[in-house]
Each structure stands twice: as C-alpha cells, then as structure tokens.
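Below you'll find the structure, written out as structure tokens, and then a few comments.
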Amino acid sequence: MKKLYIETYGCQMNVADSEVVASILADEYQISKDINEADLILINTCSVRDHAEQRIRKRLAELGIMKKKKPFLQIGLLGCMAERVKEKLLNEENALDLIAGPDAYRSLPALIQEAAIGKKTFNVMLSLEETYDDIDPIRYDTNGISAFISIMRGCNNFCTYCVVPYTRGRERSRSSQTIIREAQQLINQGYKEITLLGQNVNSYRSEENGEVVNFARLLEKVALLSPHVRVRFATSHPKDISDELIATIAKYDNCCKYIHLPVQAGSNVMLQRMNRVYTREYYLERIATIKRMIPDCAIATDIIAGFCGETEEDHQQTLSLMREVGYSAAYMFKYSERECAMAAKRFKDDIPDEVKGRRLEEIIALQQELSLESNKNDIGKTFEVLVEGASKRSENDYFGRNSQNKVLVFPKEDCHFGDYVKVKVESCSTATLKGVIVK
Ligand code: SAH
Ligand code: SF4
Ligand code: F3S
C-alpha cells in the first residue's frame, strides 16, 4: 500500500480534519509517521495570521528540495491557506501537485489521480452542507486517551479581523446522532476525554425527529454516555454562552470546569470595531455568572494586541479586564492584517509594529502574573487528574490535567496512562502544578 504523511498546522479543527482526510484516503494510502517513506505528503494549513502562512511557504520550499530527489513524490496543500490563496498557489509554489480546500476533501482521490498523470489540480469549492458526517476519522496520532470530535464547521460571525468565515465558509452543524455515535465508539475504544470542536460551539443546533438539540443538550447527551469520560469543548463565543449551558457544565462532574471564552479586547470601541457584538460590561456579566454558577471554573481567553486604531487607553482597558477576570490561561497575538477580512477594507492597520509588540509583551507579562496567581491558589488542593503520559522533564514523573485544564506533574506511582488519580498540589510555576498522588 502507498504511504501518506500528513503535516497539520493551525487549530484543533485542522487536526480533526486531517483525521477525516486519512479516512477518505484509507483505501489507497496507509498513514506513515516517516516523511521519507511517503508517496504523498499533505500539508493541512492555517491562514489566521500572516506568520502562519509564512511558515508554510518556508516548509513548501523545503519540500520542493525533497521532491527533486524523489520525482514520484506527490505534494498537496489542504486547509485554510489553500482556500484563501486558491489556485494561484499552484503557480507560486513549484512543489505543489494539488490543492483542496476544507470542504473539498472528498474529491482528494480524484485530485490525486489527475495529479499522477502530471496535471496540477485544485478544488476549493466551499459547501453549505458538508460536515463529513458519515466519515469515521482515523485517529492516527493519538495517545488513546483524548480525542476531538468536530461538531460543526464554518463560522457566520465575521469578526472584522478574521479570515475563518472566508476560508471555512458558512456555519453548519453536524447531526447530533452521528456525534453521539462517534463519541460512543471512542468510549468503547477506551478513550477518556472527548473535546467537542467548532469555531463557535455555542451556536450548535440540529433538529432531528422533531427534537431540537442545542449545544447545552448536546453536551449533556455526550456527558451522559459515561461518567468516567471527560467532556471538553472549544471554542465559545461570548455572545451566546447561555445560562442553560453554564448550568449543564455545573451539573455534570465529567463536564470539565474550563471555559475558553475569547474576549479579544477590553474596550467597547475595539470590540465594536472587531464586530464582536458584545460589550465589556456584557462580557464581565457572563464571567460573573460563570463564577457564581461554577465556583471552581477556570476561564481562558484569546487577546489581540494592536488592532486598528487601538489607543493606549484601549490597551489599558484590555489589561484591566484581564485582571478583573483573572484568567487561568490566554492565547495572545499581535494583530495581523488579513487581506480578505473586513478590517483590511474598512480600517487602517495603523499601530506601528513596535507598539503592537510592546503592548503584546505587557499583555503576556500580566498573564504570567495571573497564571501564577491562579496556580498559587491551587496549592494545598486535591484534584482528580487524568494521567496522560510521562513528564518530558523528569523520568520519575507523570503528567496529566485536571478538570480546569491545568497540567499537573507528580511522581510515578502505581498507575497507568488513562487512569484517574487524586493529586494534592504542593507547589507551582506559571505553567504547571506539582504534587503527589494521594489515596
Ligand atoms: N473561533 C474562535 C477563534 C478562531 S481563531 C473564536 O472566535 O474564539 C483563534 C484566535 O486567533 C482568535 O480568537 C483571535 O484571538 C486570533 N486571531 C484571529 N484573527 C487574527 C488576526 N487577523 N490577527 C491576530 N490574531 C487573530
Ligand atoms: Fe473568526 Fe470571529 Fe468566527 Fe472566531 S467567531 S472564527 S474569531 S470570525
Ligand atoms: Fe487557522 Fe483555519 Fe483553524 S485559519 S486557526 S486552521 S480554522
């Protein structure tokens, strides 16, 4: 059988998509972990920031050299960059034989065949329906403990800085029955943690046999499959994180007490310009509700520094909001203008790069403080931890995460990967909690 090597960049949705691609090609290709033995290399790409695309351009140059030595090697580009730049890439990047956008993966076998007779091909059609519902992903890069299930595709929010609505197309939800079936299969195979994925999972909605399933209901259905399997989800848009959803998370022990609720900016002027459709006050009210209904909930966020027209005062408001929420973790970025997104057409990318950089550094420094503070608060507490693997730093330690998505490191004892153990926290750094197993 021919060998397929897939390299995945970008978000978890791309990781899940690569598993779908492996499944679509399974009749002809076996996944290989060794790029040198590959007959076909597929690069699943991200376009979210310019830096992500630059990295992929570099990688394609390297692969071009590899291809010179191996003329029969085929190279294909998938994902968001494929969708954004489209067929132009075939001219710009000599290494490429084919291009397939995120909704075109079913056409990969045909594209590969055409490419084999020397015809460079592409399919970047977006779809209003495609959810790859019926395809069982091949989880080829798994620890056997955690798995992702993609529950919806696309995004309708059109935040003005963002390429995703253009690269992934319109929002559509998968049927809840196929999601539950996939979750049950994972549980039968011994998985202990399932993450439900979408750009905005809170707007999940499906209607089957007269039953309307919203995200809170879906989460509940998955949580009820087994009390020993954790359920996580990403990402939530603050505009529709409902009390019903928060109550569902609170109700089930196996719904993880961790909410990733990207705020992006702390000032109302910026939020409006970003088309986030909520205010600072609304966001803080949602946070207060989460804290009230789930007192032990960890909250993480995404922040963009230096968006168009951001004043020093706007930036200070981002910092003060971060303090007010006390995030346990954050993903922080400099604004990167994307040609196809609305902001590029409407606003000037007018914050000098040094200013963006300085603001980002201040945001990162503050988050380090907040993470440390949040971790220090956990010293003395005992958490249930899912053992995920051996610590990279020390042979004598294992690591795992608690419900709040914090990493705990503890000395190896009589336990296995995939077990739940109770760990008492004794010390911490900004990134990890250290503890010992207690009975
Ligand atoms: N759907 C998710 C996020 C997808 S992109 C959500 O809405 O939360 C992940 C993160 O990348 C975003 O939350 C945002 O913080 C960041 N991001 C998106 N576009 C960006 C851009 N043009 N420049 C810098 N950061 C960006
Ligand atoms: Fe992008 Fe906004 Fe959609 Fe997230 S919600 S993917 S940031 S447009
Ligand atoms: Fe990147 Fe596309 Fe995900 S742009 S972040 S791979 S949806």
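The values are calculated or read from the model by the stated rules, or taken from the named source; none is laboratory data. All figures in this text were calculated on a predicted structure; none of them were measured in a lab. Note: ideal-geometry Cβ built from the backbone for every residue, glycine included; neighbour counts use all protein chains shown. Note: areas computed on protein heavy atoms with side chains; ligands, DNA, RNA excluded. Shrake-Rupley method; radii C 1.70, N 1.55, O 1.52, S 1.80 Å.
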Which of the residues belonging to segment 43-80 are within 22 Å of Glu114 (Cβ to Cβ) and touching a residue at least 60 places away in the same chain (Cβ under 8 Å)? Leu78, Gly79
Can you confirm whether segment 150-165 contains a residue that is more than 18 Å from the chain's Cα centre (by Cα), within 16 Å of ligand 1 (Cβ to nearest atom) and β-branched (Val, Ile, Thr)? yes
Residue that is surrounded by the most Cβ atoms within 10 Å (Cβ to Cβ) [pool: residues in segment 32-52 that are away from ligand 2 (no atom under 16 Å from the Cβ) and in a helix (DSSP H, G or I)]: Ile35
Any chance segment 55-71 includes a residue that's surrounded by 12 or more Cβ atoms within 10 Å (Cβ to Cβ) and touching a Lys or Arg at 6+ places or on another chain (Cβ under 8 Å)? no
Would you confirm whether or not segment 302-311 contains a residue that is within 16 Å of ligand 2 (Cβ to nearest atom) and open to solvent by 60 Å² or more (accessible area, probe 1.4 Å)? no
Scope segment 322-345; condition within 26 Å of Arg401 (Cβ to Cβ) and either among the hydrophobic types (A, V, I, L, M, F, W, C) or crowded, with 18+ Cβ neighbours inside 10 Å (or both); matching residues: Met322, Val325, Tyr327, Ser328, Ala329, Ala330, Met332, Phe333
Quick one: is Ala115 more than 16 Å from ligand 2 (Cβ to nearest atom), in contact (Cβ under 8 Å) with a residue 12 or more places away in the chain and under 30 Å from Asn156 (Cβ atoms)? no
Limited to segment 285-337, what total is found for residues that are in a helix (DSSP H, G or I) and either within 14 Å of Ile259 (Cβ to Cβ) or in contact with a strand residue (DSSP E or B) (Cβ under 6 Å, 6 or more places away or on another chain) (or both)? 9
Here's a check for you: in segment 221-250, which residue that is open to solvent by less than 30 Å² (accessible area, probe 1.4 Å) and assigned to a helix (DSSP H, G or I) is farthest from ligand 1 (Cβ to nearest atom)? Ala223
Criterion violated by Asn143 - all others in (1) assigned to a loop (DSSP other than H, G, I, E, B); (2) under 30 Å from Asp419 (Cβ atoms); (3) at pLDDT 95 or above satisfied: (3)
Residue tally, condition outside any loop (DSSP other than H, G, I, E, B), more than 25 Å from Ser23 (Cβ to Cβ) and away from ligand 3 (no atom under 16 Å from the Cβ), over segment 71-118: 4
Look through segment 267-298, keep the residues that are in contact with a Lys or Arg (Cβ under 8 Å, 6 or more places away or on another chain) and within 21 Å of Arg346 (Cβ to Cβ), and return whichever of them is farthest from ligand 1 (Cβ to nearest atom). Asn268
